[in-house]
Amino acid sequence: MRVVTDRRLRATAAFFLLVIAFCPSIKAQSAAPHADRIFVNGNIWTGDDAHPRAEAIAVLGDKLMAVGTNLQIRALASSETGIVDLKGRFVAPGFQDSHLHFPGPSVNSVRLDGIETLDAFQKRLSEFAKSHEKLSWITGGGWGYSAFPNQTVDKKYVDAVVSDRPVYVSERDGHMGLANSKALLIAGITRDTPDPPNGHIMKDANGEPTGELKEAAQELMYSKIPPPTEDETYQTLLKHMDEAAADGLTSVQNATWSPADHAVYVRALAANALKLRFRFAPPILPADGGAPAHHNLQKPLTLDDLKEYKRLRDTFRGPLMKFGSIKGFLDGTVDARTAAMSEPYVGGGTGIPFWEQDDLNKTVALYDKEGFQVMLHAIGDKAINMALNAFEYAAKTNGTTGRRHRIEHVEVPLLADLPRFKQLGVIASTQALFASPDSTVLQNFAVLLGPERAAHADSFKIFDDAGAVQVFGSDWSVFDFSPLKGMYAAVTRMTPEGTPPGGWYPAGRISIEAALRHYTRDGAYASFDEDIRGTLTAGKLADFVVLSKDLLTIPPTDILKTKVLLTVMGGKETYRDKEFQ
Ligand SMILES: [Zn+2]
């Protein structure tokens, strides 16, 4: 008997030693940790295939402590735990926008988006000028030609409301802008000023500049406009982060980075003011240290920049600020006929790729070898094909796998290239709202492509069917970053007004669940974050949204009637709608 007791004692002692060894805080064992906050009675889509649906969430610190049934989660609450009753509302992982451009339009700029008439244009401009009397320049943009008589812009429309200060406002795509007389005077633009290379100074029948400047001619104006102060950019960042949180976004991949803006993000990080998780993509630099013919950059980059990119990658490792990708351009856009196509546009021209294949291969291989994820803007089928070739070359040359290189926009691929995305592990980074068939898409984009290519342009279904990883983004600030608006476009391929009925090339429509994946877990995969976020899984970051409607059961037309009620990032509320209580 004694022996047995002794054995029992020894076994018990050994057990406690084990507990102590594996649990540094033995006290925590006696009082199990409780949740900071629990969210119960929810209708939760987790995005996690192992447990796709749940009722409740427990949050501890910045993480999901548990995801499960009401009973399981309530068991984790103590008297100090905050309890939120979701009242049956729909919950999804926080949305990720995988391609946009923070910090976005300045807080001190006038927004002219969506304006339909000259009256409204002038009213907005004059009100902005009156409410911003200290600004030495009035800048901003977002206007479209349809707001002006005969679709023709002229400085006189601006002079009539603001003449004491210079005004320069850009058109919505940013390819042109409109100045008033004062701005033309400051920029020294007269009837005698010649067009700069790749730009046009528009002039009337009498040879007088009209105030409209196209493409590179805009530089004449931009060189005179004082750059924003750091504080202005900081306020701009804060403002747009608030808007993004109100749209349910918790993570973004910024297709832009500049040293000037960097300081502002670091300041926000230090102030604990970031409301989004950022992953930045600085611009690509060519392997030979020179610059390609068209690189969309002001200065040629040097190999020192590569060192700097590596330093940034080592310094900012997340989860709020991260580096690790770089971004380059292979072509322009279909609307400007600068997207590089293998066959001519209807009406002529094929666009010209910005790179030679050999230079591109060498450059991509350099970054691939250094462990970077390469993001290439490629819209035309020729450019997309070149991007795939370069990724294939890099993998073969370096013997690398798993770099998750990406093609941005990827609007008009060759159907024969689709299987290569999965084969090469290349991510299709598409913009859901590009499939919204507005007048530009129907009357310009689709016409230039012709029916054969238009039928699969911005078709998100073809990438899903090809087994590729597809991520959704907005390309904000050119387009709205609202994921709900993007989901509506991807699922219906109709305008918000419901045209055309049944959708534009409806074969390209995808399910709402697929759209949700592209805005959540696929995005996390594209930024190498699938282990820490993207699904509502215990142990991952507590990033989620509460919506007013169940996206999985409502008719697709109701997606636009759905509201974001609550956004939580890292366990903290970044947005709460007044309707949520
Ligand atoms: Zn972009």
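The values are calculated or read from the model by the stated rules, or taken from the named source; none is laboratory data. The structure displayed is predicted, hence computed values, not measured ones. Here the Cβ positions follow ideal geometry from the backbone for every residue, glycine too, while neighbour counts run over all protein chains shown. To get the accessible areas, we keep the full protein, side chains included, count just its heavy atoms, and leave off ligands, DNA and RNA. Shrake-Rupley method; radii C 1.70, N 1.55, O 1.52, S 1.80 Å.
Within the range 128-148, restricting attention to residues that are outside any strand (DSSP E or B) and either of a type in the set (Val, Ile, Thr) or touching a helix residue (DSSP H, G or I) at 6+ places or on another chain (Cβ under 7 Å) (or both), which residue is surrounded by the fewest Cβ atoms within 10 Å (Cβ to Cβ)?
From the range 128-148, those outside any strand (DSSP E or B) are 128-137, 144-148; that's our starting set.
Applying the additional criterion that residues be either of a type in the set (Val, Ile, Thr) or touching a helix residue (DSSP H, G or I) at 6+ places or on another chain (Cβ under 7 Å) (or both) yields 145, 147-148.
Numbers: TYR145: 13, ALA147: 19, PHE148: 16.
Only one residue tops the list, namely TYR145.
Right, GLU171: among the acidic types (Asp, Glu), away from the ligand (no atom under 16 Å from the Cβ) and touching a Leu at 6+ places or on another chain (Cβ under 9 Å) or not? So GLU171 passes the test. Just to be sure before I move on: is LEU86 surrounded by 13 or more Cβ atoms within 10 Å (Cβ to Cβ) and more than 16 Å from the ligand (Cβ to nearest atom) in the structure I sent? Yes: the conditions hold for LEU86.
Do we find a residue being without any contact (Cβ under 8 Å) to a residue 24 or more places away in the chain, touching a strand residue (DSSP E or B) at 6+ places or on another chain (Cβ under 9 Å) and either assigned to a helix (DSSP H, G or I) or at positive phi (or both) anywhere in the range 196-209? Checked against the condition, which is being without any contact (Cβ under 8 Å) to a residue 24 or more places away in the chain, touching a strand residue (DSSP E or B) at 6+ places or on another chain (Cβ under 9 Å) and either assigned to a helix (DSSP H, G or I) or at positive phi (or both), the range 196-209 yields at least one hit. Within the range 349-393, the residues that satisfy the criterion of being closer than 17 Å to LYS310 by Cβ and not in a strand (DSSP E or B) are THR363, VAL364, ALA365, LEU366, TYR367, ASP368, LYS369, GLU370, GLY371, PHE372. Name the residues in the range 247-267 that are of a type in the set (A, V, I, L, M), under 19 Å from the mean Cα position of the chain (by Cα) and in a helix (DSSP H, G or I), would you? VAL264, the sole residue that qualifies. For the range 168-193, filtering for residues that are assigned to a loop (DSSP other than H, G, I, E, B) and open to solvent by less than 40 Å² (accessible area, probe 1.4 Å) leaves 4.
Quick grid of which residues meet (1) at positive phi; (2) part of a strand (DSSP E or B); (3) within 16 Å of the ligand (Cβ to nearest atom):
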| residue | (1), (2), (3) |
| --- | --- |
| SER79 | no, no, no |
| SER98 | no, yes, yes |
| GLY104 | yes, no, yes |
| VAL107 | no, no, no |
| ASP113 | no, no, no |
| GLU116 | no, no, no |
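Does GLY534 satisfy the condition of being out of contact with any strand residue (DSSP E or B) (no Cβ under 9 Å at 6 or more places or on another chain), more than 16 Å from the ligand (Cβ to nearest atom) and either free of Cβ contacts under 8 Å to residues at least 60 places away in the same chain or not in a helix (DSSP H, G or I) (or both)? Judged against the criteria, GLY534 is not a match. Might you let me know whether the range 400-412 holds any residue that is away from the ligand (no atom under 15 Å from the Cβ) and assigned to a helix (DSSP H, G or I)? No, the conditions are met nowhere in the range 400-412. If the condition is being farther than 22 Å from GLY104 by Cα and more than 31 Å from the chain's Cα centre (by Cα), then the range 134-147 contributes no residue at all. For the range 225-278, filtered to residues that are among the basic types (Lys, Arg) and open to solvent by less than 70 Å² (accessible area, probe 1.4 Å), the residue that is nearest to the ligand (Cβ to nearest atom) is ARG277.
From the residues in the range 436-479 that are within 16 Å of the ligand (Cβ to nearest atom) and closer than 23 Å to TYR525 by Cα, which one is surrounded by the fewest Cβ atoms within 10 Å (Cβ to Cβ)? Here the residue is ASP475.
Annotation: of all residues in the range 336-375 being in contact with a Phe, Trp or Tyr (Cβ under 6 Å, 6 or more places away or on another chain) and modelled with pLDDT under 90, the one that is surrounded by the most Cβ atoms within 10 Å (Cβ to Cβ) is PHE354.
Restricting attention to the range 96-127 and to residues that are surrounded by 14 or more Cβ atoms within 10 Å (Cβ to Cβ) and basic (Lys, Arg), the residue that is nearest to LEU237 (Cα to Cα) turns out to be ARG111. Within the range 480-502, being in a helix (DSSP H, G or I), crowded, with 23+ Cβ neighbours inside 10 Å and either within 16 Å of the ligand (Cβ to nearest atom) or of a type in the set (Lys, Arg) (or both) holds for one residue alone: GLY486. Here is a check on your reading of the model: is ASP231 of a type outside the set (Lys, Arg) and outside any helix (DSSP H, G or I)? When the stated conditions are applied, ASP231 does not pass them.
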